[in-house]
Every structure is written in structure tokens, then in C-alpha cells.
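A.B. asks: Following this message is one structure expressed as C-alpha cells.
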Amino acid sequence: MEKNSCAYKILDRINSPQDLKRLNIPEINELAQEIRDLIIHTVSQTGGHLSSNLGSVDLTLALHYVFNSPEDVFVWDVGHQCYTHKIITGRKDKFDTLRQFNGISGFPNPKESVHDYFITGHGSTAISQSLGVVSANDVLGKKRKAIAIVGDASMVGGMAFEAWNYLGHVQKDLLIILNDNEWAISKTIGAISRYLNRIITNPLYNKVNIEFGNFILKLPKGEFALRAMKKFEESLKNLLTPGIIFEEMGINYIGPIDGHNIEDLITTFKNIKDYPKPRIVHVLTKKGKGYSSSEKSPDLFHSASRFDTKSGDFQKIDQKTYTDVFSQNMVDLGITDSRVVAVSAAMTHGAGLVEFKSRFPERFFDVGMAEQNAVTFASGLAKEGLKPFVAIYSTFIQRAYDQIMHDVCLQNLGVKFCLDRAGLVGHDGPTHHGIFDIAFLKHLPHMVLLAPKDGWEFTMMLQWMKDLTSPVAIRYPKAAVADLSFLGYQDIRLGSSELLLEGEEVAIFAYGAMVDTGYKVSEILSKKGKPPFLINLRFAKPLDETFIKYIAGKVDLIVTMEEGAVLGGIGESISAVLSKEKNNCKVVHIGIPDDFIVHGANEELFKIIGLDEDAIAEKINFLLAGKKI
């Protein structure tokens, strides 16, 4: 990657948060612009979360100016607003390796720096984590602050509500920053609110307020007088600020304030730093701040691929992706069947539902970043006779496991789970790899699991599953669609696999995207005089047990291939089927090892874990030769 050759007047002097504290306000403002320039340049070449990080630059600098990381704990929710944090905590010189193999992660990672306290790639977690930290501090007698920086999208997740409900009960010393880039507050109300908040966050005000309250309590009917005084104070605040819900929950609300006014941010954080009760600062930011293309289209630049910084145009990818195929098929299904509806959990664009939403707005539901709600909501749709397609990334459907079990499978409802980004997802790394869905879904009663070998089979499967009355999940990768049309297609039948190639000593059972790899392995083996059977499993559940047993009687070796966790995967299911059979067929499972896989290009990751065609072919040759691997 081309390094940014620019010399930075201020940024070149910043190697730690302590260096930041030596700057004056004009210098910090200049630093903010230099950091934005660095982020834009880097992400244009590596890809990454651009809009959210540009919006949080000023906020991050103000927090680090007032608080003392790593003594004070910063918890980011979600981690895609942490680039400025990384840059000023000693990773500036490595920033050009962002999301690259052996480079720095796009999310907080404690292995990189003591300034990263948790790995955070999923939302709505920071308040719970931070509350755990401050509660542990009380037990251990530690004196440290915890700051949860929460995006407004994360606040709609049920876990966030559960956490601040408990926080209001236990009244711990926790600061929540609500980084809000969506709510609109008028300038007039904002100005009055800023004035009031400067008063109510002033340490002298809080000290006098507490002492005056103690004095009132000593007077006759003091409790009544104190309640009346508090009621008046709350009424005044509720009239001019939107924080009533937090105040009623026992969390002191401050805001909204301008998230790009560094001086105001610093003043506010200094005033509330030592306040010993829970408080939330509502900060208004502009997503994509400082780069016109991302300001105009913050959703497109939220998770950006490589782009030209001058024009804002993304690098063109001519190949059609599985998400593209899904998008077109959803429109087609919507046209042919008025009962087809689509559900998204704040991923309308990423999951390929923009066109469906445009064509059928009354049949499209975006429930926000709340996967649990999405799944149970879909169960209600299905109960009423609709055909809900729930499009959620594989990594995020994990967050709704109980809802899939209790609200869908137990009720045996025809919810259709469309799991995008299944398998390895490259540069986003371990928080986003979709490698566990097979293992945690296949043991649920009534659930049907299937995966396509290529784009056309994907279309066939979506059409087939539309009318299925039981729960069904289809997985597909973040990749260009394969084209295996030269191998032909059989009709989709529940639990039936597809024989693609006849062979001799060895049989390859491949699932989903691994069928394409399996074909390439077959070509390598055939050139060496060892042509394999190649079977497209199609279904992980129910398995085609009769055909599996039939093939096992013909070969010495069965190799299972899946782009998912080996533990609990399809290979184990096939071994279980054959365990009661009397044959000498050896079964070897190839998939994702029992570990969290790092970030990097998929090609690099496949080679590391031995999931590329050359490594698999070599392994099979060794096994056929009777050698140990």
C-alpha cells in the first residue's frame, strides 16, 4: 500500500495521549483535521469504516485530553469508531497496515495495545462491560474511571437497555458517551441546553446542590421541601433537554452538545470527570465529518471498500456477488408472492435489501441494530401467514440464538434466515467471520440448513425455500458468485445431495462455497490419476444419509469440506452417520480450526489454515499414500 508521505505539523508530535495534553485548543483543532486526512488516505487504500471514524475524531481527542488512558478504561461500542484512538495511542506509524494481514485490526484489540481494554466488534456491549469494570474496581479498591463510548445505533439494542437499567439501580461511577449522529436538535434548544449544562455540570454547582440538600433535610418538613426542590429542578431540565428517560432511570443526563466543538467537549468532561454517580453525555456528531463524499453518503462509506479520494468513487468490481444475487431474487420473490416480506437489523444496504425496500416499502421492516427483536418479530409475521426473509450477517445472527430456538424453532414457524457473510470475511477479522452458524443451528429441531454451490443454485434455493413452512437458514459468502453451470443442476429436494463427479478411491463431500474449491481439488487429483467423487451436499440438515452410506461403500477415504467450524460441523455429522456402518472408510474433516481467525485477505487466511485447493489436494494425496500429515 502507498504510504501517506505528508508531513503533519501536529500529528508528527503525537505518540501517546500524554503528548495530546500539551496542546492548546487551536492545536487540537488542527490535529483533528490532520487525523481526518490520515484516516481518509488510509481507508481509501485499505478499506474500512470511514464515516463513523470521521465523525468521532473531535470526541476522541477531547476524551483523551481529559481522561488518562490506560489508567482510565475506554470501552468502544461498537469498535468501528476507534481509529483516532488507535492513532494517538502509539499506532500512528502502523496505521497504513489497517485491516491488513499482520497489520493492526479495524477494531479495538488488547493484543495490540494496553489502551484497548476489550475486543469490540458487535454492538450494545460497552455499558455492561464498563459497569463490570467499575464494579470490580469497587471490590478491589481501585481508583480508575470507565468511559463507555456508545453509538446511537447501539443504544437500541436490548442489552444496552438492560445495562443502563441496572446502572441506574446500583448508581456506580460510570460515564456513558452517547455518540449520536442521527437525532436532530435545533440550534436554539441546543444553545440553551449548552448553557444549562455548563451550570449543572460545574463542580461548584454540584457541591452547593448537595450541601444545600443536606441543610434542607435538617429543617422541619425538610424531606417535603427537598422533594419539591428536586421536582422543580427536574421540570426545568425536562422542559429544555431530551434526557428525561435517563434521569428517571437514575442516570444524570448532560446534553445535547456539539460533538465537533472540542473546547465545549473538554469543558464538559472536566466538569463531570469526578462526579461519582452514573452520567450520560449526549454528543451530536456528523457521520463522515470532514470528507464531502462520506457526508453526502454516510451509509455507503460506513464500511467502505477502496476508493478514489478526489472523486469519492469506489473501485469498480465487475463480478456479481452473492449479495447481488440475493438482492435481485428478493425483488423477484416480492413480485410473485405478496406474502413475502423482508426483515433487516440495521443492515439494509449491506444485506442487499435496498431495492426490495424501494419496491415494497410496506413489506420491508428494519428493526434497528437489534437482532433478537428481528428474529422474534419475524416469528410473529410467520405466525400470521407471511413469509419473512430475515437477512442478517452470519456473525450477527449469533446474537439471537435463544430467539431462534424459543420463538422460531420451538413454534416450528417458517422464518427464512438468509445468512450473508458466511465463512471468512477477510479484513474485518475474528469479530465478523461467520464460521459458527452451521454448528449452532444444525442441532435445533425443525431447522433446515442449506447452502448454494454457485449463483444459479442460490436462485433455485431461494425459490424453493420460499414456501417451506419450517424454519430454514441459507448461508452464502462475502464473495463473487462461482459459476459451476458446466456441472449441471438437479432439482432441489429436501435433504438430497448432488453427485457432480464420479471417482474412485476418494470422495469429497463439499458444502456451499466449498464446492467450487472441491472442484479445483478434483482437477488437481485427477491430473495425478486419482479422480475423486465430488458431492455437493446442498443440505447440512437434513443430511442425505442414504447417499452418504452408498458412497462410503465405494471409497477408502471421505473428505468433508466446509467453510465453518470443524467442531460441531458437517464433517462430524457425516462421521456420526457412518459410525454405525461396517466399512473401513476413513473420514477426514476439513474446515475452520478450533480458533479465532485473524484479519487479512481471504486468500492469505485460507492458506494459513489449509483451506485452499493446493493444501487440500496435498493432504488428500498424503492420506491416499497412507502417510501421516
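The values are calculated or read from the model by the stated rules, or taken from the named source; none is laboratory data. Keep in mind the model is a prediction, meaning the values are calculated, not measured. With ideal geometry, Cβ positions are generated from the backbone for all residues, glycine too; neighbour counts draw on all protein chains shown.
A.B. asks: Tell me whether the stretch 453-465 contains one or more residues that are more than 30 Å from PHE107 (Cβ to Cβ), among the basic types (Lys, Arg) and either in contact with a Leu (Cβ under 8 Å, 6 or more places away or on another chain) or not in a loop (DSSP other than H, G, I, E, B) (or both).
C.D. replies: So far as the stretch 453-465 goes, yes, one or more of its residues are more than 30 Å from PHE107 (Cβ to Cβ), among the basic types (Lys, Arg) and either in contact with a Leu (Cβ under 8 Å, 6 or more places away or on another chain) or not in a loop (DSSP other than H, G, I, E, B) (or both).
A.B. asks: Residue under question is LYS541, and the condition is that it be more than 32 Å from the chain's Cα centre (by Cα) and surrounded by fewer than 24 Cβ atoms within 10 Å (Cβ to Cβ); does it hold?
C.D. replies: no
A.B. asks: Would you list the helices (runs of 4 or more DSSP H) that sit entirely within the stretch 1-62 and hold 1 or more residues that are under 28 Å from ASN102 (Cα atoms) and modelled with pLDDT under 95?
C.D. replies: Passing ranges, in order: 25-46, 51-55.
A.B. asks: Let me ask something else. Any idea which residue in the stretch 431-447 is nearest to ILE592 (Cα to Cα), counting only those that are in contact with a Ser or Thr (Cβ under 6 Å, 6 or more places away or on another chain) and crowded, with 21+ Cβ neighbours inside 10 Å?
C.D. replies: Per the criteria, the residue is GLY434.
A.B. asks: Go through the stretch 371-410 residue by residue and tally those that are in contact (Cβ under 8 Å) with a residue 40 or more places away in the chain, assigned to a loop (DSSP other than H, G, I, E, B) and under 16 Å from VAL472 (Cβ atoms).
C.D. replies: Going through the stretch 371-410 one residue at a time, the tally reaches 1.
A.B. asks: Now for a separate question. Among all residue pairs at least 6 apart or on different chains, which show Cβ distances below 7 Å where the first residue, located in the stretch 257-281, is in the same structural domain as SER56 (by TED's automatic domain parsing) and the second is part of a helix (DSSP H, G or I) and of a type in the set (Phe, Trp, Tyr)?
C.D. replies: ILE266/TYR65; ILE280/PHE246
A.B. asks: Just the residues that are among the small types (Gly, Ala, Ser) and surrounded by 15 or more Cβ atoms within 10 Å (Cβ to Cβ), please, taken from the stretch 11-51.
C.D. replies: ALA32, SER44, GLY47, GLY48, SER51
A.B. asks: Can you report the number of residues in the stretch 331-347 which are under 27 Å from GLY157 (Cβ atoms) and out of contact with any Lys or Arg (no Cβ under 6 Å at 6 or more places or on another chain)?
C.D. replies: Result for the stretch 331-347: 6.
A.B. asks: Quick one: in the stretch 67-122, of everything that is small (Gly, Ala, Ser) and closer than 21 Å to ALA153 by Cα, which residue is nearest to the chain's Cα centre (by Cα)?
C.D. replies: If we take residues in the stretch 67-122 being small (Gly, Ala, Ser) and closer than 21 Å to ALA153 by Cα, then GLY121 is nearest to the chain's Cα centre (by Cα).
A.B. asks: Right, another one. Consider ALA126 carefully, then state whether it is closer than 18 Å to LYS86 by Cβ and either buried (at least 24 other Cβ atoms within 10 Å of the Cβ) or without any contact (Cβ under 8 Å) to a residue 24 or more places away in the chain (or both).
C.D. replies: Answer is yes for this residue.
A.B. asks: Based on this model, can you work out whether ILE335 counts as among the aliphatic types (A, V, I, L, M), surrounded by fewer than 16 Cβ atoms within 10 Å (Cβ to Cβ) and assigned by TED's automatic domain parsing to the domain that holds LYS416?
C.D. replies: When the stated conditions are applied, ILE335 passes them.
A.B. asks: Further, regarding this structure: Is it the case, given these coordinates, that PHE326 is assigned to a loop (DSSP other than H, G, I, E, B), outside the structural domain of ASP264 (by TED's automatic domain parsing), of a type in the set (Phe, Trp, Tyr) and in contact (Cβ under 8 Å) with a residue 12 or more places away in the chain?
C.D. replies: It is false that PHE326 is assigned to a loop (DSSP other than H, G, I, E, B), outside the structural domain of ASP264 (by TED's automatic domain parsing), of a type in the set (Phe, Trp, Tyr) and in contact (Cβ under 8 Å) with a residue 12 or more places away in the chain.
A.B. asks: Another question about this same structure. Assess whether GLY368 counts as being at positive phi, in a loop (DSSP other than H, G, I, E, B), within 25 Å of the chain's Cα centre (by Cα) and not β-branched (Val, Ile, Thr).
C.D. replies: yes
A.B. asks: With the condition kept exactly as written, say whether any residue in the stretch 103-112 is of a type in the set (Lys, Arg), closer than 14 Å to ASP72 by Cα and free of Cβ contacts under 8 Å to residues at least 24 places away in the same chain.
C.D. replies: No, the conditions are met nowhere in the stretch 103-112.
A.B. asks: Then there is this: Residue by residue through the stretch 467-494, note down the ones that are under 27 Å from the mean Cα position of the chain (by Cα) and either in a loop (DSSP other than H, G, I, E, B) or over 26 Å from GLU384 (Cβ atoms) (or both).
C.D. replies: If the condition is that a residue be under 27 Å from the mean Cα position of the chain (by Cα) and either in a loop (DSSP other than H, G, I, E, B) or over 26 Å from GLU384 (Cβ atoms) (or both), then PRO471, ARG475, TYR476, PRO477, LYS478, ALA479, ALA480, VAL481, ALA482 are the ones that fit.
A.B. asks: Moving on to the next point. Considering ALA482, ALA473, which residue is of a type outside the set (Phe, Trp, Tyr) and either in contact with a Phe, Trp or Tyr (Cβ under 8 Å, 6 or more places away or on another chain) or under 25 Å from LEU413 (Cα atoms) (or both)?
C.D. replies: ALA473
A.B. asks: Given (1) over 23 Å from the mean Cα position of the chain (by Cα); (2) at pLDDT below 90; (3) under 30 Å from GLU457 (Cβ atoms), identify the lone condition not met by SER305.
C.D. replies: Condition not satisfied by SER305: (1).
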